[in-house]
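What follows is a single structure, written as structure tokens, with notes after it.
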Amino acid sequence: MKKILCLLVCLFAVCSCSGGNGLYTETRVIMGTYVTITLNRSGKTNDELVKASADAFARITKVDDLMSTYKPMSNLSRINANSGIAPFPADPEVIENIQDASYVSRLTGGAFDITVGPLVKAWEIGSKGAHVPSPGTIKKALALVGWRNIVVDKKAGTVFLTKRGASIDLGAIAKGYASDRAAVALLEDGIKGGIVACAGDIKTFGVKPDGSAWTVGIQNPRGPEGDVIAKLPLTDTAISTSGDYERFFIKDGKHYCHIMDPHTGYPASGLMSVTVLAKDSWLADSMGTALFVLGPKKAYALALKHPELEVLMITDSGKVLATGRFRGMKIAPPAGAG
Ligand code: AMP
Ligand code: MG
């Protein structure tokens, strides 16, 4: 079973207002991680808040049921089982998410690639079996990787992986997508403000009961959980962090993390963490992973060209690279870096 991840980003709004001053908070375990929904009560009855929260969790559960690779009957598992055999009729949400992923693949020259499934399986990072695969195994896995081998037929509503044995892994985008879907459900239920946090993939909307923005902290990549390097006020914005500290193993003194470079077949290196702000959570989530793969130089150049993204990166040596609102912030390099 997928390891339950700790919350990567601390929600100060939740921590500081758990005494009941205008907030409703609920946490469940979905998608192998903690999902926390925090709502501005804003004149709603308790029953209305309970219903809104349940509706939002149901949207997240739907994403999990469709896109988990741990559920054999999920749409995604069945697309993968049918690789090289036949197109699979997929739910429109799966198709939308795969098309979003392709957009990010194109934008990042293939650094983001949801067909990394065979590589993820070969390395087993995050499980007890994590190891450095043989060059032959990596070569075989790499031969199955390539986002252009995904054929989406929107009219027919099908997804086809052209190579037998290829597999899609939506681990770098589905949690963000789920946060977006949950926020839509909350708005539909008339909630005026809230935060949906699928682990470190967070969507904020509206304001807190006192009218101020939500406050989100960014984890120090080399500090204990909850030790933050920055706090920022957010509203109607998504934030996501990808870090080398989330799932990794060390072999012969070398740190191997769970984010794969689809061009080399090895875990990406050069950065400790990448935090992205964007309007939508699927974009913040996927771009966090993609920039991590690109490494400091290429990622920074790309981020500068995309003002719709605001990016904070900490390099392997502890250097801080920032765009957008992060530029004006005083961010101390993490202790222990270098
Ligand atoms: P995140 O923690 O959001 O950066 O997502 C990392 C997860 O996404 C990994 O555990 C893999 O399941 C998957 N993944 C790894 N490398 C890539 C990549 N280059 N492109 C897309 N997904 C990836
Ligand atoms: Mg991601």
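List of remarks:
- Scanning segment 108-131 for residues that are touching a Phe, Trp or Tyr at 6+ places or on another chain (Cβ under 7 Å), assigned to a loop (DSSP other than H, G, I, E, B) and of a type outside the set (D, E, K, R) yields GLY110, ALA130.
- Qualifying residue in segment 115-130 (condition: in contact (Cβ under 8 Å) with a residue 12 or more places away in the chain, away from ligand 1 (no atom under 16 Å from the Cβ), over 19 Å from ALA290 (Cα atoms) and not aromatic (Phe, Trp, Tyr)): no
- Residue within segment 186-200 that is at pLDDT 95 or above, within 16 Å of ligand 1 (Cβ to nearest atom), assigned to a loop (DSSP other than H, G, I, E, B) and buried (at least 21 other Cβ atoms within 10 Å of the Cβ) present: no
- Where a residue in segment 27-44 is without any contact (Cβ under 8 Å) to a residue 24 or more places away in the chain and its partner, wherever it lies, is open to solvent by less than 20 Å² (accessible area, probe 1.4 Å) and of a type in the set (Val, Ile, Thr), with Cβ under 7 Å and at least six apart: THR27/VAL35; THR27/THR36
- ASP280 fulfils the conditions (1) open to solvent by less than 30 Å² (accessible area, probe 1.4 Å); (2) touching a helix residue (DSSP H, G or I) at 6+ places or on another chain (Cβ under 8 Å); (3) of a type outside the set (A, V, I, L, M, F, W, C) except for a single criterion, (1).
- Some residue of segment 153-165 being touching a residue at least 12 places away in the same chain (Cβ under 8 Å) and under 20 Å from the mean Cα position of the chain (by Cα): no
- Evaluation of GLY84 against (1) open to solvent by 10 Å² or more (accessible area, probe 1.4 Å); (2) closer than 28 Å to LEU309 by Cβ (one fails), failing number: (2)
- Of the residues in segment 102-122, not one is over 24 Å from the mean Cα position of the chain (by Cα) and open to solvent by less than 10 Å² (accessible area, probe 1.4 Å).
The values are calculated or read from the model by the stated rules, or taken from the named source; none is laboratory data. Computed from a predicted structure; not experimentally measured. When we count neighbours, we look across all protein chains shown, and the Cβ atoms used for this are built from the backbone with ideal geometry, even at glycine. Only protein heavy atoms, including side chains, enter the accessible area calculation; ligands, DNA and RNA are left aside. Shrake-Rupley method; radii C 1.70, N 1.55, O 1.52, S 1.80 Å.
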